[in-house]
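Novice: I am attaching a structure below and will ask some questions about it afterwards.
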Amino acid sequence: YVEVIDQDVTVLVILEAELPTFQVTFYVYNSFGGQLRASAGGLPIFSGDFLVAGSHILFTAIPDEDHQVKQWRLNDEIQPVPADQEAFEVESLAQDITVSVEFSQREFTMESVPNAFRPNSAFPENRVFMPQFTGMPYEYLLTVYDRQGSVVFQTIDPLEGWDGNMGNGNGAPAGAYLYQINFRESMDSPPESITGTVYLIR
């Protein structure tokens, strides 16, 4: 049995429009000083990927130990974000974009010099005598002397401290030792020197 409907029938068809996609390119300006990563919707993306319009993108800068974020660029325009900000967001993707981050070396600042240390301390930061600073100096020399003026430790590596041992590997006796720190903050800076006393506690 077939029923014939003698009237016009309107059929409404809804087509879901496909969202456009845009390319996301990102890189480290001058290719030194750290890394740049990006994610969208909590998932990592790679430079050159295409994302749908409206995507929220988070860019994360990972500076090397002696560097910091200098500035961000979006499509070659410097962005008005605070210096040293390690995250940059694009709220809603609406075009092809290129994001870059530029790193700069941290300025060297001598913050403090410990006056005592204990090699067998329960706290790792107290086991080694090492000046505390930010950035990296252009030149550096740390020398530690015993009471007779003999050198017991010397290094040109700002990240190396004295662990309380003599040059022959034997532990130095407890007591007071003199130190001298010679450094230059930058190539154009004058030489500076800091001297003092540090106590080795056993």
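The values are calculated or read from the model by the stated rules, or taken from the named source; none is laboratory data. Predicted model, so just to flag it, every value in this text is computed and none were measured. No Cβ is skipped: glycine too gets one built from the backbone with ideal geometry, and neighbour counts run over all protein chains shown.
Novice: Since residue 158 meets every condition but one in (1) in a loop (DSSP other than H, G, I, E, B); (2) surrounded by fewer than 16 Cβ atoms within 10 Å (Cβ to Cβ), which condition does it not meet?
Specialist: (2)
Novice: Select from segment 37-72 the residues that are in a loop (DSSP other than H, G, I, E, B) and either out of contact with any strand residue (DSSP E or B) (no Cβ under 9 Å at 6 or more places or on another chain) or free of Cβ contacts under 8 Å to residues at least 24 places away in the same chain (or both) and list them in ascending order. Before the answer, list the steps.
Specialist: Residues of segment 37-72 in a loop (DSSP other than H, G, I, E, B): 41-42, 46-48, 53-56, 64-66.
The answer is 41, 42, 46, 47, 54, 65.
Novice: Okay, next question. Going through segment 161-202 one residue at a time, which ones are of a type in the set (S, T, N, Q) and assigned to a strand (DSSP E or B)?
Specialist: The answer is 165, 180, 182, 193, 195, 197.
Novice: Does residue 89 count as more than 29 Å from residue 201 (Cα to Cα), loosely packed, with under 14 Cβ neighbours inside 10 Å and either hydroxyl-bearing (Ser, Thr, Tyr) or at pLDDT below 95 (or both)?
Specialist: On the way: more than 29 Å from residue 201 (Cα to Cα): yes; loosely packed, with under 14 Cβ neighbours inside 10 Å: yes; either hydroxyl-bearing (Ser, Thr, Tyr) or at pLDDT below 95 (or both): no.
No; evaluated as a whole, the condition is false for this residue.
Novice: Still on this structure: Within segment 92-112, can you find the residues that are closer than 12 Å to residue 29 by Cβ and either exposed (fewer than 13 other Cβ atoms within 10 Å of the Cβ) or not acidic (Asp, Glu) (or both)? Write out each step before concluding.
Specialist: Of all residues in segment 92-112, those closer than 12 Å to residue 29 by Cβ come to 98-104.
Those that are closer than 12 Å to residue 29 by Cβ and either exposed (fewer than 13 other Cβ atoms within 10 Å of the Cβ) or not acidic (Asp, Glu) (or both): 98, 99, 100, 101, 103, 104.
Novice: Given the residues 126, 75, 165, which is the only one that is on the phi > 0 side of the Ramachandran plot, surrounded by fewer than 16 Cβ atoms within 10 Å (Cβ to Cβ) and touching a strand residue (DSSP E or B) at 6+ places or on another chain (Cβ under 6 Å)? Walk me through how you get there before you give the answer.
Specialist: Numbers: 126 fails: on the phi > 0 side of the Ramachandran plot; 165 fails: on the phi > 0 side of the Ramachandran plot.
Only one candidate qualifies: 75.
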